[in-house]
Amino acid sequence: MRKNTLFIVGYFLLIFQIYSQNNITPQNTIKIERGESKESIIYKAAHVVPTANQLDALRNEFIAFIHFGPNTFTRMEWGNGMEDPAVFDLKTVDTDQWCRSMKDAGMKMVILTVKHHDGFVLWQSRYTDHGIMSTGFQNGKGDILRELSKSCKKYGLKLGVYLSPADLFQIENPDGLYGNLSKYTKRTIPREVPGRPFKNKTKFEFVVDDYNEYFLNQLFEILTEYGEIHEVWFDGAHPKRKGGQTYNYAAWRELIHTLAPKAVIFGREDIRWCGNEAGGTRDTEINVVAYEVNPDTASVFHDMTAEDLGSREIIYNANYLHYQPAETNTSIREGWFYRDDTNQKVRSADDVFDIYERSVGGNSIFLLNIPPNREGEFSSRDIEVLKDVGSRIRETYDVNLLEGAKGPVELLDGNQDTYLLLENGVDEFVIILNGEKTINRIMLQEAIATHSERVEKHAVDAWVDNEWREIAVASNIGYKRILRFPEVTTSKIRVRVLESRLTPAISHISAHYYKTRPPQLDFSRDKDGVVTIAPMQTVFNWNPIGENAADNLNTGYEVYYTLDGSEPTLNSAKYESPLKVEYKTLKAASYINNARGAVRSEDFGVVKRDWALIGVSSQVNNRPALNAFDAVKRTYWQSEESTENPFISLDLGEKYLLKAFTYTPQTFHSNGMMASGEIQISENGATWDTVEKFEFGNLINDPTPRTHYFEKPVTTRYIRLLVTGIAGVEKYVTISEIDFL
Ligand code: FUL
């Protein structure tokens, strides 16, 4: 009796503590006090909500990135800042065509790299000559941002700008402003330039140095002269730094908030990077994230790339809780810039649609890069993919199979502002369909604007054979969760919230059907050159009760392939069992009846079985040089730390005619990435001649295989790879695989 009374009193005290401490209204950032109880922290987390701009950004869902500049012409991933502006040899540009394709894909906004790391500007800046004004394009009068902003208006797209804080032109050029150790003094932004007045008369005064002044002046131009800007994208990547240059972010932010009040800032407090450039979204992408310092006033870029940013365990140790959605950014092509239409791979529509469902349907924003080519257009291959993806999105998600269904009306009314509160012990709801329907997708949304993200785990059941069958389980919902499962025919579905923070508010449920296509294929080759072709194992965010989803979905298909570079058809060779492929391009596609899936193509080079190691600069104990050519991606060679250039020399067993070399980096960490090197050959394996030099950019963020095509093919048996540059600070190299084509 006494014990019970104490328990009840304790319980009420706890509730009182939570409510008295935390009688809070929803906010974008909430401070956690020292020694605060777990319950109180959860209470606060359940009140962290997006700003109006963040909510709009989430509702954009699918947006475009455009990487365009000197790299488009030099075919580099990163320029060095010393390029002659004339390399940007553009004759025509068709931004209407870009916008039409984005609309076809269902995108709502486009972000243009108005200045990438090389410092070259794509608009008519008053503050530099290093840009489009110094090229032959439209006699130096061209302005890509202007063209794009006009097309955006015409096609109803929002516009965003990527302005790289890292600026190699300003670093390398002797009069460059970056890291020039100039004094911090009071400066007026914008600095007036005779003959080029601004229509916008706003003036700012900031105490900044030369580079920050330059950056602010440029922000002023792009935020006032090109219509409403909806996103400003700050890249955290820095190929180089100089002079201890720091950024006056408080000034940048004040200027952005004043001049572009609708813009979200990427890389800072508004939008975070998802942490990879491959299109991966976390299984649990919670946008209520933990911060040590106040994200609204912090002066440095935050690393928000850890796997877990917002679970209970993480937020219990936070000083601030902040709402910050992730952007899942990736490129439709290998690399961020256009290179060519022969060797540069383009993602299939299957791939892009899969990323769409996992990112948008995983509580994040999908930012897909489509790099225009040297004619200033999207290449036809990219256009086809965008069209196909757009029609898949419309065909799947514009048809709601809960049309006419019965259940809580707030969930079915198509209005994101109405919601069902799961309170008073109710943690599930049932929807009665308008007859039997075959479905394989469910979409759920929470009322995040008012109630934050509260669901931590949920399950969906379908009524099959007179009982409930669980068809999907996932963690959070947030802005949007798309659940994917093998098709089921049912007349009733039930959603169960299994774990949550306070009372969840669900605003939407719909059911859909995606017509499954013949599966995408994957190749794997062993040391003997034998290739196995199998359906790609897509990552599904659901647990279909012990079933292997990918295998279930991928039935009834056949695979046809070619080895002569031609496109596979039903008349090509049929794949029955693994086959040896050496020195050839393998192209394969799956078929279900007459429908063909995406073509998978890969150049396979010299088989590595008879290769021998004839020299290596050094190797650490458990990472021997042999790992660099064992045909196993998991293992890698690591040289010892040294200031000397690492190298590895190989005997290929016999003479081969080689036209390219592929470097596959290890993906366990970002140290030891090979940024540049030389290919050397030898007659005897003793004396070496350099025949090729290569450079690879952006390996730390994007550790995908890189191929360097030789200027002239070489014939050799002995070959050496000399590493002349390593990305990052570590002075050793890591190589998962070397291949010669
Ligand atoms: C990275 C950059 O280094 C790449 O070149 C690209 O712009 C990508 C979006 O961000 O950090």
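Residues considered: GLN170, GLN97. Of these, the only one that is surrounded by fewer than 16 Cβ atoms within 10 Å (Cβ to Cβ), polar (S, T, N, Q) and outside any loop (DSSP other than H, G, I, E, B) is GLN97. Where residues in segment 517-535 are surrounded by fewer than 17 Cβ atoms within 10 Å (Cβ to Cβ) and assigned to a loop (DSSP other than H, G, I, E, B), which of them is modelled with the highest pLDDT? Of everything passing the filter in segment 517-535, ASP528 is modelled with the highest pLDDT. Picking from residues in segment 108-123 that are in a loop (DSSP other than H, G, I, E, B) and away from the ligand (no atom under 12 Å from the Cβ), the one that is farthest from MET82 (Cα to Cα) is LYS108. Every condition in (1) surrounded by fewer than 16 Cβ atoms within 10 Å (Cβ to Cβ); (2) within 30 Å of the chain's Cα centre (by Cα); (3) among the hydroxyl-bearing types (Ser, Thr, Tyr) is met by SER601 except one, and the failing one is (1).
Can you confirm whether GLU231 is under 30 Å from ARG481 (Cβ atoms), within 16 Å of the ligand (Cβ to nearest atom), open to solvent by less than 10 Å² (accessible area, probe 1.4 Å) and touching a residue at least 60 places away in the same chain (Cβ under 8 Å)? Considered against the rule, which asks whether it is under 30 Å from ARG481 (Cβ atoms), within 16 Å of the ligand (Cβ to nearest atom), open to solvent by less than 10 Å² (accessible area, probe 1.4 Å) and touching a residue at least 60 places away in the same chain (Cβ under 8 Å), GLU231 comes out as yes.
Scanning segment 294-353 for residues that are within 16 Å of the ligand (Cβ to nearest atom), in contact with a Gly (Cβ under 9 Å, 6 or more places away or on another chain) and open to solvent by 40 Å² or more (accessible area, probe 1.4 Å) turns up PHE301, HIS302, ASP303, THR305, ARG347.
Quick one: is GLN680 farther than 30 Å from THR328 by Cβ and crowded, with 17+ Cβ neighbours inside 10 Å? Yes.
Conditions tested, residue by residue: (1) open to solvent by 30 Å² or more (accessible area, probe 1.4 Å); (2) outside the structural domain of ALA628 (by TED's automatic domain parsing); (3) of a type in the set (A, V, I, L, M, F, W, C); (4) closer than 16 Å to TYR636 by Cα.
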{"residue": "LEU652", "(1), (2), (3), (4)": "no, no, yes, no"}
{"residue": "LYS655", "(1), (2), (3), (4)": "yes, no, no, no"}
{"residue": "GLY672", "(1), (2), (3), (4)": "no, no, no, yes"}
{"residue": "ALA686", "(1), (2), (3), (4)": "yes, no, yes, no"}
{"residue": "PHE694", "(1), (2), (3), (4)": "no, no, yes, no"}
{"residue": "PRO705", "(1), (2), (3), (4)": "yes, no, no, yes"}
{"residue": "LYS712", "(1), (2), (3), (4)": "yes, no, no, no"}
{"residue": "ARG717", "(1), (2), (3), (4)": "yes, no, no, no"}
{"residue": "GLY725", "(1), (2), (3), (4)": "no, no, no, no"}
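Of all the criteria given as (1) of a type in the set (A, V, I, L, M); (2) touching a Gly at 6+ places or on another chain (Cβ under 8 Å); (3) under 15 Å from ARG494 (Cα atoms), the one not satisfied by ILE393 is (3). Consider ALA589 carefully, then state whether it is part of a strand (DSSP E or B), on the phi < 0 side of the Ramachandran plot and either outside the structural domain of LEU386 (by TED's automatic domain parsing) or free of Cβ contacts under 8 Å to residues at least 24 places away in the same chain (or both). Against the criterion (part of a strand (DSSP E or B), on the phi < 0 side of the Ramachandran plot and either outside the structural domain of LEU386 (by TED's automatic domain parsing) or free of Cβ contacts under 8 Å to residues at least 24 places away in the same chain (or both)), ALA589 qualifies. Going through (1) closer than 26 Å to THR342 by Cβ; (2) at pLDDT 95 or above one by one, ASN701 falls short only on (2).
GLN619 meets each of the listed conditions (1) within 16 Å of the ligand (Cβ to nearest atom); (2) over 32 Å from the mean Cα position of the chain (by Cα) apart from (1). Listed conditions (1) under 35 Å from the mean Cα position of the chain (by Cα); (2) open to solvent by less than 50 Å² (accessible area, probe 1.4 Å) are all met by ASN180, apart from (2). Residue count for segment 678-734 satisfying the condition of being under 18 Å from MET76 (Cα atoms), acidic (Asp, Glu) and away from the ligand (no atom under 16 Å from the Cβ): 3.
With respect to GLU357, is the statement that it is open to solvent by less than 40 Å² (accessible area, probe 1.4 Å) and not in a strand (DSSP E or B) true? Yes.
Taking only pairs six or more apart or across chains, which ones have beta-carbon atoms under 7 Å, a first residue in segment 333-344 that is in contact (Cβ under 8 Å) with a residue 12 or more places away in the chain, and a second residue that is assigned to a strand (DSSP E or B) and away from the ligand (no atom under 13 Å from the Cβ)? Note: pairs meeting the criteria are ARG333/VAL346; ASN343/THR707; ASN343/TYR709.
Only strands (runs of 3 or more DSSP E) whose full extent lies in segment 631-701 are considered here, and the ones with at least 3 residues that are under 25 Å from the mean Cα position of the chain (by Cα) are 647-664, 674-682.
Can you confirm whether GLU77 is within 16 Å of the ligand (Cβ to nearest atom), modelled with pLDDT under 95 and acidic (Asp, Glu)? Criteria met by GLU77.
Would you pick out the residues in segment 429-441 that are within 34 Å of the chain's Cα centre (by Cα) and not basic (Lys, Arg)? Within segment 429-441, THR438, ILE439, ASN440 meet the criteria. Is segment 411-419 home to any residue that is away from the ligand (no atom under 16 Å from the Cβ), touching a residue at least 40 places away in the same chain (Cβ under 8 Å), within 22 Å of the chain's Cα centre (by Cα) and over 22 Å from PRO486 (Cβ atoms)? No. Going through (1) under 16 Å from the mean Cα position of the chain (by Cα); (2) open to solvent by less than 20 Å² (accessible area, probe 1.4 Å) one by one, THR281 falls short only on (2). Scanning segment 59-74 for residues that are assigned to a helix (DSSP H, G or I), in contact (Cβ under 8 Å) with a residue 40 or more places away in the chain and within 14 Å of the ligand (Cβ to nearest atom) turns up PRO70, ASN71, THR72.
Picking from residues in segment 254-271 that are more than 18 Å from LYS158 (Cα to Cα) and among the acidic types (Asp, Glu), the one that is farthest from the chain's Cα centre (by Cα) is GLU254.
Would you call PHE366 within 15 Å of the ligand (Cβ to nearest atom) and either of a type outside the set (Val, Ile, Thr) or closer than 22 Å to TYR709 by Cβ (or both)? Criteria met by PHE366.
The values are calculated or read from the model by the stated rules, or taken from the named source; none is laboratory data. Treat the numbers as computed from the prediction; the structure is a model and nothing was measured. Ideal geometry is used to build each Cβ from the backbone, glycine not excepted, and the neighbour counts take in all protein chains shown. We work out accessible area using only protein heavy atoms, side chains counted, and drop any ligands, DNA or RNA first. Shrake-Rupley method; radii C 1.70, N 1.55, O 1.52, S 1.80 Å.
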